[in-house]
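**Student:** Pasting a structure below so you can have a look.
Rule-based calculations on the coordinates, nothing more; no lab input. Remember, predicted model here, so these are calculated numbers, not experimental data. Glycine also receives a Cβ, built like all others from the backbone with ideal geometry; neighbour counts cover every protein chain displayed.
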Amino acid sequence: MIAGEVTAAPSSGGVVEGSTVEGPGVAATVPEPQRAHPSYHPEVVHGPLSVRALLRVDEALRLADAATGLTFSVYIGELGEDSRDTAQRLHARLADPDVSVLIAISPNERVLEIVTGSRARKRILDRDAHLAAKSMVAAFSGGDLGGGIVAGIAQLADHAGRAPSDN
Amino acid sequence: MSSDFVRMLVILIGIAVAFALVLAGLVFAGGGRRSKRYRPGRPFKFTPVWFLSAPEEQSRAGIARALRAATLGGRPTGPRETGGASDRW
C-alpha cells in the first residue's frame, strides 16, 4: 500500500484487489499482492480511504507487525450475508493464518469482523478484540473509516504485546 | 415612497439574495467534491481493497496460488480455529 516511495522496505504494506471469492451471498474482492503506491496502482485512489488515511493505516500496520510479530491486514469491501464466514475465508487465504489478524470492514453493510488465527487469539483474546471492535465502530459511525482502522490496529497491537522473541 | 428609499431597498435585497446564492454555490460545490467521504447510511462507492502488511512475503508464501485455486472452485484451506469479534454500527 502507500509506502511513501517505490523503494519502500519489504515490510511496507500492500493493497490487493482482483478476483472474486465464491461463497454464500458473497461478492468479495480478494487479493493479488502488489505494491500500492498511487502512481503504480491508481485503483487505490478510488478506494475507500483518502491518501492521508492510507498513509496512517500503512504506518499503523507496519508498526503493529514490527511490534507484535503478528501479521495484520485490513480488508475493506462487501462481505455478503454471512459476513463472519466471508471474513474467515479471507483470513484463511493469508500466508500464515495462525499468526494473522484480519480486520474486515463492509462500510455499506455497516459490518466489522475481526478474525484472529489460532496462535494470534492467544495473545489477542476475543474480549480484547471485542473492545477494539467497539472503538472502531464508534469511529465508523461518525464516518471516520481511517481513524477507526488506525485506532483498532493500535489497540489490537497493544493487547498482543511484544513479539515473544523480544522477551 | 421616495426614490432613494426604493433604491436602498433594492440594494439591500440584492445583497441578501447575492449572499444566499454564493452560500448555496459553496455548499453545492463542497458537497460534490467531498461526496467520496463515507457517510453511514448513504451509498458509498469504492474499489474494494485489502491492505497487507507484507505483500511480498504473502506472495512468496503462496497466496497467489491459493487464490487461483479459489477461482477454480476449490477451497484453499480447511476450517481453522479462529477467534476475534464482530460488530455493527
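**Student:** Given a Förster distance of 25 Å, report the FRET efficiency between A:Arg52 and B:Val27 from their Cβ-Cβ distance, rounded to the nearest 0.05.
**Tutor:** Taking R0 as 25 Å, the efficiency between A:Arg52 and B:Val27 is 0.60.
**Student:** Ok, one more. Quick one: if you stick a label point 7 Å off each Cα along the C-beta vector at A:Leu131 and B:Phe19, how many nm between them?
**Tutor:** 5.2 nm
**Student:** At 7 Å along Cα-to-Cβ for each site, give me the label-to-label distance between A:Glu81 and A:Ser141 in nm.
**Tutor:** 2.7 nm
**Student:** Which distance in nm do the two modelled labels at A:Ala154 and A:Ser118 give, with both placed 7 Å along the Cα-to-Cβ direction?
**Tutor:** Between A:Ala154 and A:Ser118, the label points sit 3.4 nm apart.
**Student:** Hull surface divided by four, with the convex hull built on the Cα atoms of the range A:41-167: how many nm²? It would help to have the intermediate numbers written out before the result.
**Tutor:** Details: hull surface 30.3 nm².
One quarter of the hull surface, i.e. the mean projection, equals 7.6 nm².
**Student:** Using 1/(1 + (r/R0)^6) with R0 = 41 angstrom and r between the beta carbons of B:Lys45 and A:Ala67, what's the FRET efficiency to the nearest 0.05? Each step should come with its number before you reach the end.
**Tutor:** Numbers: r = 35 Å, r/R0 = 0.85.
Working from the Cβ atoms, E equals 0.75.
**Student:** Against the 2.2 N^0.38 Å scaling, with N counting residues, where does the range A:106-163 land? I'd like the Cα-based Rg ratio to two decimal places. The partial results should precede the final answer.
**Tutor:** Working: Rg = 11.5 Å, N = 58, 2.2 N^0.38 = 10.3 Å.
For the range A:106-163, the normalised Cα radius of gyration comes out at 1.12.
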